[in-house]
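Engineer: Structure below; questions to follow.
The values are calculated or read from the model by the stated rules, or taken from the named source; none is laboratory data. Computed from a predicted model, the values in this text were never measured in an experiment. Here the Cβ positions follow ideal geometry from the backbone for every residue, glycine too, while neighbour counts run over all protein chains shown.
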Amino acid sequence: MTTHLQGSLFDQTDRPRLGPLTGIRRTVLGSGAWIDVLPGWLTGSAPLCERLAAEVPWRAERRTMYDHVVDVPRLLAFYGADDPLPHPVLTEARDALGAHYGPELGEPFATAGLCLYRDGRDSVAWHGDRGGRGAREDTMVAILSVGTPRDLLLRPVGGGGTVRRPLGHGDLIVMGGSCQRTWEHCVPKSGRASGPRVSVQFRTRGVR
């Protein structure tokens with residue numbers, strides 16, 4: 001897949017590199033949920049986004065909506081706990097997150113789900129990662145975003161005030177505590193985003 005990505009002026013390096021996790025800032029959302037955010041954790045995200053978009057074996061999904069079968073408006077890939085990740089820096093990121101959050105989480109991050117948002121027309125609707133253990137246990141989902149920034153929105157289940165975080169150019173967000181059960185998140189369509197974005201979601205075993 002060929003992509004044309006306009007990178008950040010602060011993100012122009014050929015070799016992706018991770019910074020320290022010491023600058024993470026936590027926001028308590030309520031009902032036992034929280035998010036940690038670290039802008040620009042990874043530098044060199046533009047070439048990484050281009051490489052992932054071109055080389056990952058992306059798949060398209062179709063879903064039944066009402067009485068129609070429609071295309072899911074993004075491309076997906078999944079790497080299990082024993083699968084090699086598509087770039088060494090993603091393995092480094094998973095291990096660094098596991099070391100940082102291990103005492104709080106009680107287990108390492110194990111799997112990686114990748115989403116390719118090709119442009120502003122791609123999106124994901126409101127949802128929580130409640131597959132498997134996520135439906136009944138507190139967990140963490142760490143998302144590393146590379147490429148064109150897109151808004152991630154969060155809201156309490158059942159409605160309420162919305163929290164907005166623009167993510168791209170190597171930004172990290174970690175959703176923890178009860179976040180997957182008591183809050184929902186989405187990436188809405190955008191008329192401003194013209195380039196691709198890849199999000200990498202690190203999860204523990206048994207959470208989808």
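Engineer: Can you tell me which residues in segment 106-134 are without any contact (Cβ under 8 Å) to a residue 60 or more places away in the chain and in contact with an Asp or Glu (Cβ under 9 Å, 6 or more places away or on another chain)?
Structural biologist: Listed by number, the residues that qualify are 127, 128.
Engineer: Could you tell me which numbered condition residue 121 fails, if it satisfies all but one of (1) within 19 Å of residue 37 (Cα to Cα); (2) over 16 Å from the mean Cα position of the chain (by Cα)?
Structural biologist: (1)
Engineer: Of everything in segment 155-175, what is under 13 Å from the mean Cα position of the chain (by Cα) and either crowded, with 20+ Cβ neighbours inside 10 Å or among the aliphatic types (A, V, I, L, M) (or both)? Give them in sequence order.
Structural biologist: Listed by number, the residues that qualify are 167, 168, 169, 170, 171, 172, 173, 174, 175.
Engineer: Within segment 51-73, work out how many residues are under 21 Å from residue 123 (Cβ atoms), at pLDDT 95 or above and not in a strand (DSSP E or B).
Structural biologist: 4
Engineer: Quick one: how many residues across segment 169-186 are in contact with a Lys or Arg (Cβ under 8 Å, 6 or more places away or on another chain) and farther than 21 Å from residue 109 by Cβ?
Structural biologist: So the answer is 1.
Engineer: Of the residues 155, 130, 121, 94, which single one is of a type outside the set (Val, Ile, Thr), assigned to a loop (DSSP other than H, G, I, E, B) and closer than 16 Å to residue 174 by Cα?
Structural biologist: 130
Engineer: When residues of segment 47-64 are filtered for being surrounded by 13 or more Cβ atoms within 10 Å (Cβ to Cβ) and either without any contact (Cβ under 8 Å) to a residue 24 or more places away in the chain or over 16 Å from the mean Cα position of the chain (by Cα) (or both), how many remain?
Structural biologist: Residues flagged as surrounded by 13 or more Cβ atoms within 10 Å (Cβ to Cβ) and either without any contact (Cβ under 8 Å) to a residue 24 or more places away in the chain or over 16 Å from the mean Cα position of the chain (by Cα) (or both) within segment 47-64 amount to 3.
Engineer: Test each condition in (1) in contact with a Lys or Arg (Cβ under 6 Å, 6 or more places away or on another chain); (2) modelled with pLDDT under 95 for residue 129 and report the one that comes out false.
Structural biologist: Unmet for residue 129, out of (1) in contact with a Lys or Arg (Cβ under 6 Å, 6 or more places away or on another chain); (2) modelled with pLDDT under 95: (1).
Engineer: Inside segment 151-171, can you point out the residues that are closer than 24 Å to residue 117 by Cα and among the aliphatic types (A, V, I, L, M)?
Structural biologist: The answer is 152, 153, 154, 163, 167.
Engineer: Within segment 158-208, how many residues turn out to be touching a residue at least 24 places away in the same chain (Cβ under 8 Å) and either among the acidic types (Asp, Glu) or outside any loop (DSSP other than H, G, I, E, B) (or both)?
Structural biologist: The total comes to 27.
Engineer: For segment 188-208, give me the residue count where each residue is basic (Lys, Arg) and surrounded by fewer than 21 Cβ atoms within 10 Å (Cβ to Cβ).
Structural biologist: Number of matching residues: 4.
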